[in-house]
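Have a look at the structure below before the remarks.
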Amino acid sequence: MTTKVDSCDEMGKCDRYLNAKNLSYKIDSRCEQNYYNYELQIMSEVNSQQPINAVATLIDEYTAGKRAFSRAELGNADLQGVNLKGSDLSYADLSEANLSGANLRGTDLSFADLSQANLRNADLRGSLLMSANLSQADLQGANLEKADCDRNTHFPPDFDLAKAGLQIQHD
């Protein structure tokens, strides 16, 4: 049995009424167009979000439960001792950032620029470092146990991957 649905809410999203028996629904063309416009509006809002570029904003949003900070622009930022466990910092600019003592456990740092970053005593256990740039980073005392990297990850000269406990992913 099909139930016709022809009302649209104030956001342009069609109301879809399904009863307890999970009846199917059909929407009229006016609602279809409004629903399409609503989807475009949502996609536009998602695509227009600005990358994080302030430490206070990053910490506030992390505290509020957000974990998606891809493409953050935090070069030279002071993030000493900050807890960003489980965050997505892929493609982020963290060049020359102070991340000493930071909790980056399980963080996605794929394609991130960490060149010349201070990662001294940082917890990077289980982090993703695929194609990340850690050239000239200070990794003294950093815990990289079970972190994943690939052949495109750049480390400081003479850095011992095996001694650090890194897992190299092969194609």
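The values are calculated or read from the model by the stated rules, or taken from the named source; none is laboratory data. Note that the structure is predicted; figures quoted are calculated from it, not measured. In this analysis, Cβ positions are derived from the backbone assuming ideal geometry, glycine residues included, and neighbour counts consider all displayed protein chains.
Some values worked out for this structure:
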quantity	calculated
Complete set of residues in segment 137-171 that are in contact (Cβ under 8 Å) with a residue 24 or more places away in the chain, crowded, with 20+ Cβ neighbours inside 10 Å and under 18 Å from N121 (Cβ atoms)	L139, L166
Among residues of segment 118-136, those that are buried (at least 18 other Cβ atoms within 10 Å of the Cβ) and either over 21 Å from the mean Cα position of the chain (by Cα) or acidic (D, E) (or both), counted	1
All positions within segment 129-154 that are under 17 Å from S100 (Cβ atoms), in a loop (DSSP other than H, G, I, E, B) and not small (G, A, S)	L134, Q136, L139, Q140, L144
Where F111 falls short, out of the listed (1) farther than 16 Å from R71 by Cα; (2) surrounded by fewer than 20 Cβ atoms within 10 Å (Cβ to Cβ)	(1)
Output for segment 94-128, where each listed residue is out of contact with any Lys or Arg (no Cβ under 8 Å at 6 or more places or on another chain) and not in a loop (DSSP other than H, G, I, E, B)	N98, D108, D113, N118, L128
Complete set of residues in segment 65-82 that are over 15 Å from the mean Cα position of the chain (by Cα) and of a type outside the set (D, E)	G75, N76, A77, L79, Q80, G81, V82
Single residue of R105, R71 found to be free of Cβ contacts under 8 Å to residues at least 60 places away in the same chain and over 20 Å from Q140 (Cβ atoms)	R71
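Let's see how each residue does on (1) touching a helix residue (DSSP H, G or I) at 6+ places or on another chain (Cβ under 7 Å); (2) assigned by TED's automatic domain parsing to the domain that holds L58; (3) within 30 Å of A56 (Cβ to Cβ); (4) of a type in the set (S, T, N, Q):
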site	(1), (2), (3), (4)
G81	no, yes, yes, no
G86	no, yes, yes, no
L89	no, yes, yes, no
A112	no, yes, yes, no
A117	no, yes, yes, no
N143	no, yes, yes, yes
A147	no, yes, yes, no
D158	no, yes, no, no
G165	no, yes, no, no
